[in-house]
Amino acid sequence: MNADANQAAGQLADKLIGLVNLFAGFVGAVLFAVLVYAGFKIMTTGDNPQENARAKAIMLYGIGGAALVFFAWLLTKAVIGHLAKA
């Protein structure tokens, strides 16, 4: 019976890791779109410093959000991996 519980826990961990990886891939696609948009805005703002600053802020916040999601992904994988071994 204990082996069945361990197998079920392992399957649950695999499904959770798959879900987390799917979410991370989605965030990567959104980050790409945000960076392309911000880069386009920087290239097309011309001499307008307010719009240029706004576009740089969009890029900075996009990268910061991606870093936050990356560290959350890393922590989640570590916790799930540790719990799956227990």
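The values are calculated or read from the model by the stated rules, or taken from the named source; none is laboratory data. Just so you know, these numbers come straight off a predicted model, no measurement behind them. Positions of Cβ are generated from backbone atoms using ideal geometry, with glycine treated the same way; all protein chains shown enter the neighbour counts.
So here's what we get for this one:
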{"read-out": "ASN21 in a helix (DSSP H, G or I), within 17 Å of the chain's Cα centre (by Cα) and among the polar types (S, T, N, Q)", "value": "yes"}
{"read-out": "Close pairs from region 66-86: first without any contact (Cβ under 8 Å) to a residue 60 or more places away in the chain, partner polar (S, T, N, Q) and surrounded by 15 or more Cβ atoms within 10 Å (Cβ to Cβ), Cβ under 9 Å, at least 6 apart", "value": "none"}
{"read-out": "Test: residue in region 49-72 that is surrounded by 15 or more Cβ atoms within 10 Å (Cβ to Cβ) and at pLDDT below 90", "value": "no"}
